[in-house]
């Protein structure tokens, strides 16, 4: 069996290398972030920028949550109110003038009865013509009353539009913006309702006026024909 002999200088080098390696292994145990070691045990290393990145991420998530809360906040609906009562009141205005009103359930039947056209004139033709004249004038007066009430409604409409503009200026999220837009569209739809009511009123008044004119002309022709058939002479 052979033996090994180390010179004193060589022994000092081996001992020094062993001491340095031991110191390095002891210092490695103070790390704070985990990595896989050669022996399978975790090794921890400190990352000073980790907390800064976490703080920035938390701030960003807070901003996103605030925006989501704003975009889902309600509060800009409910300004619209039905105007069916106002529209019905406009129809009543024509009825109160003793005219022929479109809102009457038997308006078409009444029109045919009042303006028969080619039917023989009644015995009391003069009185009948006076009644038709009163009916026509009442219808025209009712149409004028409707126009006046709609003109007086402008102030209320202006207040409604001002409220919508105020809501629009104070919008803070998408849902509120959508709700304000819906309210504006509803206000426009109400304007269309009022325009339709005015158009119906105009058709009503025009139909009664033209019906009275045509009925009067036809009745005059019928009376002249009856007079001639009875042996009368045209002056």
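The values are calculated or read from the model by the stated rules, or taken from the named source; none is laboratory data. Computed from a predicted model, the values in this text were never measured in an experiment. For neighbour counting, all protein chains shown are included, and Cβ atoms are generated from backbone atoms with ideal geometry for every residue, glycine included.
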- Task: Go through (1) buried (at least 16 other Cβ atoms within 10 Å of the Cβ); (2) at pLDDT 90 or above; (3) touching a helix residue (DSSP H, G or I) at 6+ places or on another chain (Cβ under 9 Å); (4) farther than 18 Å from residue 199 by Cα one by one and return the number of the condition residue 99 breaks.
- Result: (4)
- Residue pairs qualifying under the 8 Å Cβ cut-off, at least six apart or on distinct chains, with the first in region 76-88 being under 15 Å from residue 181 (Cα atoms) and the second being part of a loop (DSSP other than H, G, I, E, B) and modelled with pLDDT under 90, are 76/171
- Query: Looking at (1) at pLDDT 90 or above; (2) buried (at least 17 other Cβ atoms within 10 Å of the Cβ), can you tell me which one residue 180 breaks?
  - Reply: (1)
- Task: Test each condition in (1) modelled with pLDDT under 90; (2) surrounded by 16 or more Cβ atoms within 10 Å (Cβ to Cβ) for residue 78 and report the one that comes out false.
- Result: (2)
- Query: Hey, does region 120-135 have a residue that's at pLDDT 90 or above, over 19 Å from residue 215 (Cα atoms) and surrounded by fewer than 16 Cβ atoms within 10 Å (Cβ to Cβ)?
  - Reply: no
- Message: What's the number of the only condition in (1) in contact with a helix residue (DSSP H, G or I) (Cβ under 6 Å, 6 or more places away or on another chain); (2) at pLDDT below 70 that residue 87 fails to meet?
- Response: (2)
